[in-house]
Amino acid sequence: MSALLTQLGVTGPVSVLVLVAGAALLVAAACVVARAVVGPTILDRVVALDALVVVLVAAFGLHAAVTRSTATLPILVVLALVGFVGSVSVARFAAKDTQ
Amino acid sequence: MSAVGAVLDVLAAVCLGIGVLLAVVAALGVLRLPDVLTRLHAAAKPQALGVVLVAVGVGLAVRTPAAVGVVTLVVVFQLTTAPVAAHMVGRAAYRTGKVRHDLLLVDELSELTGGEAPEGGLPEGCVVRADEDGDRSDEPGSARAPG
């Protein structure tokens, strides 16, 4: 186990924290994607994809903080700025189910 | 300086940790809650607070003026756009009858339109739209008959 962690570059308490946070984000992304697949309505999928954007922002933020690099910060800006366009478009044209 | 840096690192880790935790809680809520409005309720919290915490954490960890400026932009954009999306999705859910009325304690939107909402939602969502925002009545949504 410890050899595997060392091989992954996990060598200190900070790295363990990062690993735990990354695993939590992975679980969160899995839950959100499951809801997006299950639905049952288009609005459920839109809400789930909005939550997925939040998970992505957290993941990119985690990466930027750990590596102390500013390379991924423009991605955060783009996600925050245009993430709502899809939701608004879908909500605008959501129609009643024709059964 | 290094002591200050260590304190800032710990603060950054705490902010990022809480932000990640909020994202996880939102994901569980989106997966587990019963209808569109409750899932929206769960998903909208970290869209504001979680992103703010992650941005503060990144700013504290990277500690360059450029990074602080960029994460400030992220917070401003997110706080501007996330409520718009949530509002539109919630109104669309009500208009198209995706709301489970048996789960509602108070239905103020139905009271605004005068009377109880029928089973499939409001027949005319545009009545409320014209009441609350008259100058946008020329939009296609107000003229479109639901369904």
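What follows draws every value from the coordinates through simple rules; no lab data is involved. Worth saying up front: this structure is predicted, and the values here are computed from it rather than measured. Neighbour counts run over all protein chains shown; Cβ positions are idealised from the backbone, glycine included.
Counting other C-beta atoms within 10 Å, which of A:Asp50, B:Asp107 has the fewest, and how do the rest follow?
Working: A:Asp50 27, B:Asp107 14.
Ascending number of Cβ neighbours within 10 Å: B:Asp107, A:Asp50.
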* Structure fact -> Around B:Arg63 (Cβ within 14 Å, Cβ-to-Cβ, excluding B:Arg63; K/R +1, D/E -1) the net charge comes to 0
* Would you mind ranking A:Leu19, B:Leu37 by Cβ crowding within 10 Å, fewest neighbours first? => A:Leu19, B:Leu37
* Structure fact -> Shielding of B:13-19 by other chains, given as the mean Cβ count within 10 Å, works out to 4
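What order do you get for B:Lys45, A:Lys96, B:Lys98 when you list them from fewest to most C-beta neighbours inside 10 Å? Write out the running numbers ahead of the final one.
Numbers: B:Lys45 16, A:Lys96 13, B:Lys98 23.
Placing the least packed residue first, the sequence is A:Lys96, B:Lys45, B:Lys98.
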